[in-house]
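The values are calculated or read from the model by the stated rules, or taken from the named source; none is laboratory data. Because the structure is predicted, anything quoted here is derived from the model rather than measured. Cβ: placed from backbone, ideal geometry, glycine included. Neighbour counts: every protein chain shown. Heads up: the accessible areas ignore ligands, DNA and RNA and are worked out on the full protein's heavy atoms, side chains in. Shrake-Rupley method; radii C 1.70, N 1.55, O 1.52, S 1.80 Å.
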Amino acid sequence: MDAVLEELKAGIRKFRTDVYPENKDTYVKAASEPQKPHALIVTCADSRIDPELITQSQPGDIFVTRNVGNLVPAYGEMLGGVSAVIEYAVSALKVQHVVICGHSDCGAMKGLLHPEGLEKLPTVKSWLTNAQAALSVANSLASKDDRQSDLLRQLTEENVLLQLQHLRTHPSVAGAMAREELTISGWVYDIGKGEVRISEDGGRAFVPVTIEGEGK
């Protein structure tokens, strides 16, 4: 017996018996109407990231694509799945906002910091060249007193900012932004704290999304 498959089947059964009945109207509506997501979220393939849960989105609310390191190759560099998703989301679905979402403890960012660990992962190593400039910036901003965790945090942020730059090179995005039909932002999700910090309006600073009473 395939134990992992059986675990997945158990989850499906729970969905059908507990989750679906309570949200049937939402699912029926989602299936009977064309999808109209208001946002595209480009995030990491890391199994600890759940964009729908983090944003408390319902079926049809957000369009999501995931890859190692939440990377967006500059237009023309590596035309493929990520580029196709962006073009479809912006030009066909008319999303109004695009998010690049990085996260704490990112294995891809650790791979950039320690490339020797990627020798047996040549495809991953090649893919991460799309984040190489972020590593250069993070290293240039680092001080000799920085801990490894400080450098990882800096690199994670710089990578999100770099991918936002890459995002702007895509014709569909550039056109929609010029028409003021699309805005973009960069996020960093802290898995352990449940905190999301956001860089918006072209700024470099990542500001936490606060809740009522927080910090008092």
What is the residue count in segment 141-193 for residues that are over 15 Å from the mean Cα position of the chain (by Cα) and among the hydroxyl-bearing types (Ser, Thr, Tyr)?
-> 5
Can residue 145 be described as under 30 Å from residue 91 (Cβ atoms), loosely packed, with under 10 Cβ neighbours inside 10 Å and modelled with pLDDT under 95?
-> no
Could you list all residues from segment 41-70 that are free of Cβ contacts under 8 Å to residues at least 24 places away in the same chain, within 22 Å of residue 127 (Cα to Cα) and among the hydrophobic types (A, V, I, L, M, F, W, C)?
-> 45
Among 53, 40, which is the only one that is closer than 30 Å to residue 23 by Cβ, buried (at least 20 other Cβ atoms within 10 Å of the Cβ) and of a type outside the set (Phe, Trp, Tyr)?
-> 40
Would you please name the residue that is surrounded by the most Cβ atoms within 10 Å (Cβ to Cβ), looking only at residues in segment 160-210 that are charged (D, E, K, R) and part of a loop (DSSP other than H, G, I, E, B)?
-> 181
Determine, yes or no, whether residue 157 is touching a strand residue (DSSP E or B) at 6+ places or on another chain (Cβ under 7 Å), part of a helix (DSSP H, G or I) and among the charged types (D, E, K, R).
-> yes
Please name all residue pairs, on different chains or six or more residues apart, with Cβ atoms under 6 Å, provided the first residue is in segment 79-105 and is more than 12 Å from residue 66 (Cα to Cα) and at pLDDT 95 or above and the second residue is open to solvent by 30 Å² or more (accessible area, probe 1.4 Å) and among the polar types (S, T, N, Q).
-> 97/183
Residue check for residue 14: open to solvent by 70 Å² or more (accessible area, probe 1.4 Å) and in contact (Cβ under 8 Å) with a residue 24 or more places away in the chain | no
Please go through segment 84-142 and pick out each residue that is β-branched (Val, Ile, Thr), in a helix (DSSP H, G or I) and either within 24 Å of residue 198 (Cα to Cα) or open to solvent by 60 Å² or more (accessible area, probe 1.4 Å) (or both).
-> 85, 86, 90, 123, 129, 137
Segment 118-140, residues that are closer than 17 Å to residue 79 by Cα and free of Cβ contacts under 8 Å to residues at least 24 places away in the same chain = 123, 126, 129
